[in-house]
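Read the structure below first, then the notes.
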Number of protein chains: 2
Amino acid sequence: METLAAEIIAIGNEVLNGEIVNGNAAYLSSRLDDAGWRVVRHTVVADVEADILQAFREAESRARVAIVTGGLGPTRDDITSACAARFFGVERRLDEAVLAGIQAFFERVHYPMTENNRNQAMFPEGAVVLPNPLGTAPGFRMARADRHFFFMPGVPREMKRMMEHEVLPFLEGLLPPGSHQSTVLLRVFGIGESRLDERLSDAAAGVPGVTLGFRADFPENLIRIVAEGTSADEAQERRDGVRAEIEARLGDLVIGESDRRIEAVVGELLRERKLRLATAESCSGGLLAHRLTNVAGSSDYFERGMVVYSNEAKAAELGVAEALLEAHGAVSEPVAIAMAEGVRRAAGVDLGIAITGIAGPAGGTEEKPVGLVFIALATAEGTRAHRLQFFGDREHIKNWSAAIALNMIRMHVLGLEWAGRFR
Amino acid sequence: METLAAEIIAIGNEVLNGEIVNGNAAYLSSRLDDAGWRVVRHTVVADVEADILQAFREAESRARVAIVTGGLGPTRDDITSACAARFFGVERRLDEAVLAGIQAFFERVHYPMTENNRNQAMFPEGAVVLPNPLGTAPGFRMARADRHFFFMPGVPREMKRMMEHEVLPFLEGLLPPGSHQSTVLLRVFGIGESRLDERLSDAAAGVPGVTLGFRADFPENLIRIVAEGTSADEAQERRDGVRAEIEARLGDLVIGESDRRIEAVVGELLRERKLRLATAESCSGGLLAHRLTNVAGSSDYFERGMVVYSNEAKAAELGVAEALLEAHGAVSEPVAIAMAEGVRRAAGVDLGIAITGIAGPAGGTEEKPVGLVFIALATAEGTRAHRLQFFGDREHIKNWSAAIALNMIRMHVLGLEWAGRFR
């Protein structure tokens, strides 16, 4: 099967002058790639009509599909819709239904609607509106011959939802008939990308029409299995065969399918087994609790979390003995263990997890450098702790700490031992 | 003053398929912008000769300067140098001095040099080599008529050093004598983008050479002031005049300059005034503590944080009376106040802030819908609470709750009253 070419165009001075990084393009690329499209170019242009039209012309000449983001807001420099009308040689018209929706949105949030919000209800004739339940600017799609243009807001959250619910389902229909494709993304944790590539280099050998791809979704990694076949069944069968082979090779490194991050997997495991959890965090500063509570329904298993920055808080909230803090320092295995046991006891839950470390940039010593982190998990069967050394900046160290803690919970609930290191 | 046009081209499949975000382009853009250049396009193309040559041709037709990154490595898919030779119609030759440098580099790191590293010492004839003290791949520059091309490695660290030490000094010589630019970004909170645009539409009127731009950095907004002048002093004076006008119009909505998010501003205020803070969070689930502790040195003023998901935790950790919880429910103003006062007392700090609400998607009722949030701030002078109604998904409601809480702290420390609503 020949993959089809796609281009991604971002419109906006804020991207072009470097105020924001073009993360939308990376997201769109990987989603298009997952869906069997070949992205041939990213372009960023200013909020300038001539530049936008030029980018549209170039994309039309090269690619079957152009995904355009940005410039749909209410302000004067939002001219994407007017440029699309010019490009397709049509007028713009007010969409009354969309206008009513925008008015209702403003009423609901008790916020005055300004006159320029009307601009967001103006669409080129012939455009198909793409709903935006998360904001005031709907997107739209237009076509000429076999070329398709999709226009979406630049706000990542709104754009992503529109991509998933409106654009990707439509793109599926553009794939040539008789060629079927089946894709799955597996999420893994605890193994680096190059090592993953090495261990799976021949995992799809002998299965025709299957390709493997790897990408990082820090600090996790994703494995993409794309299988092609002459029927949907054949494609899916090939995909599932290779998936089983990969799962056999990687074992507990596989967290699950990609749409569920590790906190969602942990949450489901805790709920299934009716286990309740409490957290005690020092260097991760609440990030572990934040990730756990990002999952809807997490109050079913998350009881409480303590962010104990000061030694006083560690003593008062978790009953960590002052003698222990003095003898070993707050960043030590005994203190991590005391924190985990303390929060388990205080909250009266099944599992207590604790993180203590040095997130930096200051506070490191030769003996205890920045990035040194202890993580302990207290359970009915006892407490287990790991010493870890991370590298990088403050946010990086916080991220790794929370991710490893989540994985320790996952492994424990599954009855597995974590070796405390990466493979 | 006419600013000169520049384009940025990234070469590499890893950017094009979304594995890495094009952070280089954002960095290069802001540095070019600072230096008085107008970036008119970012382009990303694959490691494919035809695509690369097409991008070079387009850039030459539009811009005075093209900054190209990536594709200078030793492997087969690194073809930038060969493409540059083809584009300029010249052969490549081995640069013996560069080769000796690469050999010395490998000796220094005790790592075997492979044959393909020789590729990194091959340059198009007429190219001026740009040294790379941080890696093995030097860059180079070439020109045709008044068009200048700069080729740099894609590794951010190496590229940035080369940009600062080799490219920017050269570009300075290309600027017409007597043209200068001065830019500042202001961060605001508590006013929407369209309302901002409306209130500031004429803020730069009467000051020649000044343009304003707006963009969202959710949930904050940024205002960009760009001023041009015939001298650096004139440009700066114009910039500062418009800045003063904007600050006068927006008052306490202005948080500060853009590189500091609200948690950094709050942190600096608390440190200056020697105030210590503790947090009590229900629906925001630790996000407020996470944001506060993202700031280096936050242990100076952040004492502890409690994530009290269960009623038992609210009672045990914060001393919230059970009768209060029963009478008003956990999501209520009296409970928010009791939480803020409880955490202030338990931690023995100056400021206690509490958030309780319904993050959804479940748990809402007609009387207390999803998105209803109470935020209370307890201080030595008393406690103040706000009732807020947010819309959107779980993450959105968490984000808004934490942001409003941070702003309440900021306003209080500055001695200002927050009206409890947006303008």
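Each reported figure results from applying straightforward, stated rules to the coordinates on display, with no laboratory input. This is a predicted model, so every value here is computed, not measured. So basically every Cβ, Gly included, is an ideal-geometry build from the backbone, and we count neighbours across all protein chains shown.
Using only C-alpha atoms and all pairs of different ones, pull out the Kirkwood radius for the protein assembly as shown in Å with one decimal. Present the calculation step by step, with values, prior to reporting the outcome.
Values: mean 1/r = 0.0342 Å⁻¹.
The answer is 29.2 Å.
Every other copy gets compared here: list the nm distances from the B:R144 label point (7 Å along Cα to Cβ) to its counterparts, shortest first, one decimal.
The answer, with the shortest distance listed first, is 2.9 nm.
Label A:L53 and B:L168 with points 7 Å out from Cα along Cα→Cβ: what is the distance between them in nm?
3.7 nm
Could you size up the charge dipole of the stretch A:4-172 around its Cα centre, putting +1 on the beta carbon of Lys and Arg and -1 on that of Asp and Glu, and report it in debye to the nearest 20? Before the final figure, lay out each step's value.
Values: 18 positive and 23 negative charges, 60 e Å.
That gives a dipole near 280 debye.
Once you wrap a convex hull around the alpha carbon atoms of the stretch B:273-413, what is its projected area averaged over all directions, in nm²? It would help to have the intermediate numbers written out before the result.
Details: hull surface 31.0 nm².
Its average projected convex-hull area is 7.7 nm².
Based on the Kirkwood radius over alpha-carbon pairs, what value in µm²/s does the Stokes-Einstein equation return for the translational diffusion coefficient of chain B at 10 °C and 1.306 mPa s?
The diffusion coefficient I find is 63 µm²/s.
What is the local net charge at A:E125, summed over the other residues whose Cβ is closer than 15 Å to its Cβ (Lys, Arg +1; Asp, Glu -1)? Before the final figure, lay out each step's value.
On the way: positive: A:R86, A:R92, A:R93, A:R141, A:R144; negative: A:E91, A:D95, A:E96.
Around A:E125, the charge tally is +2.
In nm, to one decimal, how far is the A:E366 label point from the B:A323 one, both placed 7 Å along Cα→Cβ?
6.1 nm
Given B:H180, B:I225, B:G213, which one lies farthest toward the positive end of the charge dipole of the stretch B:180-257, if we put +1 on the Cβ of every Lys and Arg and -1 on the Cβ of every Asp and Glu?
Looking along the dipole axis, the top candidate is B:G213.
Using the structure shown, select from A:K160/B:K314; A:K398/B:K398; A:K314/B:K368; A:K368/B:K314; A:K160/B:K368 the pairs with a Cα to Cα distance greater than 27 angstrom. All intermediate terms of the calculation are to be shown ahead of the outcome.
Numbers: A:K160/B:K314 36 Å; A:K398/B:K398 19 Å; A:K314/B:K368 35 Å; A:K368/B:K314 35 Å; A:K160/B:K368 29 Å.
Checking Cα-Cα distances, A:K160/B:K314; A:K314/B:K368; A:K368/B:K314; A:K160/B:K368 exceed 27 Å.
In whole Å, what is the distance between the alpha-carbon centres of the stretch A:139-154 and the stretch A:61-83?
Answer, in whole Å: 9.
Could you give, in nm with one decimal, how far A:P177 is from each other copy of that position, shortest first, with labels 7 Å out from Cα toward Cβ?
Here A:P177 shows inter-copy label distances of 7.2 nm.
Per-residue ellipticity at 222 nm for chain A, helices alone: DSSP H runs ≥ 4 residues times -39500 (n - 2.57), over residue total, nearest 500 deg cm²/dmol?
Rounded to the nearest 500, the figure is -11000 deg cm²/dmol.
Taking only C-alpha pairs under 8 Å that are 6+ residues apart, what is the relative contact order of the stretch A:1-134 in percent?
Details: 182 pairs, mean separation 32.6, N = 134.
It rounds to 24 percent for the stretch A:1-134.
State the answer as a single residue: which of A:A336, A:A385, A:V349 lies farthest towards the positive end of the charge dipole of the stretch A:262-413, with beta carbon charges of +1 for Lys and Arg and -1 for Asp and Glu, about the Cα centre.
Working it through, the farthest residue towards the positive pole turns out to be A:V349.
Tell me the net charge near A:L318. Cut-off is 9 Å between Cβ atoms, A:L318 excluded, with +1 for each Lys or Arg and -1 for each Asp or Glu. It would help to have the intermediate numbers written out before the result.
Numbers: positive: A:K314, A:R345; negative: A:E317, A:E341.
With Lys, Arg at +1 and Asp, Glu at -1, the neighbours total 0.
Which trypsin sites (Lys or Arg not before Pro) in the stretch A:6-86 sit in a loop by DSSP (not H, G, I, E or B) and have at most 13 other Cβ atoms within 10 Å of their own Cβ?
Numbers: sites: A:R31, A:R38, A:R41, A:R57, A:R62, A:R64, A:R76, A:R86; in loops: A:R64, A:R76.
Sites meeting the loop and neighbour criteria: A:R76.
Mind pulling the angle between the C-alpha long axis of helix A:49-62 and the longest principal axis of chain A? Nearest 10 degrees, somewhere in 0 to 90.
Around 90 degrees separate the two axes.
With r defined as the distance between the Cβ atoms of A:A419 and A:E272 and R0 fixed at 22 Å, what FRET efficiency is calculated, to the nearest 0.05?
Working: r = 25 Å, r/R0 = 1.13.
Using R0 = 22 Å, I get an efficiency of 0.35.
What's the average, rounded to a whole number, of partner chain beta-carbon atoms within 10 Å of each residue's beta-carbon in A:119-125?
Working: counts 1, 1, 0, 0, 0, 0, 0.
Partner Cβ neighbours, averaged per residue: 0.
Filter the chymotrypsin sites (Phe, Trp or Tyr not before Pro) in the stretch A:379-423 to those in DSSP coil with at most 13 other Cβ atoms within 10 Å of their Cβ, and list the result. Display every interim value, and only then the final one.
On the way: sites: A:F390, A:F391, A:W400, A:W418, A:F422; in loops: A:F390, A:F391, A:W418, A:F422.
Hits after loop and neighbour filter: A:F391, A:F422.
Please sort A:286-299, A:238-251, B:153-166 by packing, taking for each peptide the average over its residues of neighbouring beta carbons within 10 angstrom, highest first.
Descending packing order for the listed peptides: A:286-299, B:153-166, A:238-251.
Residue by residue through B:313-323, how many Cβ atoms from other chains fall within 10 Å of the Cβ on average? Numbers along the way, then the final one.
Working: counts 8, 1, 0, 4, 5, 0, 0, 0, 0, 0, 0.
Taking the mean over all residues of the peptide, I get 2.
For the stretch A:267-320 and the stretch B:328-361, what is the separation of their C-alpha centers, rounded to whole Å?
Cα centroid of the stretch A:267-320 versus Cα centroid of the stretch B:328-361: 17 Å apart.
Work through the residues other than B:F106 whose Cβ is under 13 Å from its Cβ and net out their charges, Lys, Arg +1 and Asp, Glu -1. Write out the running numbers ahead of the final one.
Values: positive: B:R108, B:R118; negative: B:E107, B:E115.
Residues near B:F106 contribute 0 overall.
For B:E257, enumerate residues with amide H under 5 Å from its amide H, sequence gap 5+ or separate chain, H modeled in the peptide plane.
B:R187
How far is A:A323 from itself in the other copies, in nm, if each label sits 7 Å out from Cα along the Cα-Cβ line, shortest first?
4.2
Out of the GluC sites (Glu not before Pro) in the stretch A:23-115, which ones are loop residues according to DSSP with at most 11 other C-beta atoms within 10 Å?
Details: sites: A:E49, A:E58, A:E60, A:E91, A:E96, A:E107, A:E115; in loops: A:E91.
Qualifying residues, ordered by number: A:E91.
With a/c under 1.5 counting as rounded, go ahead and sort the stretch B:103-172 into rounded, prolate or oblate using the C-alpha gyration tensor (a ≥ b ≥ c being the square roots of the eigenvalues; past the cut-off, prolate if a/b is larger than b/c, else oblate). Present the calculation step by step, with values, prior to reporting the outcome.
Working: a/c = 3.02, a/b = 1.64, b/c = 1.83.
The shape class here is oblate.
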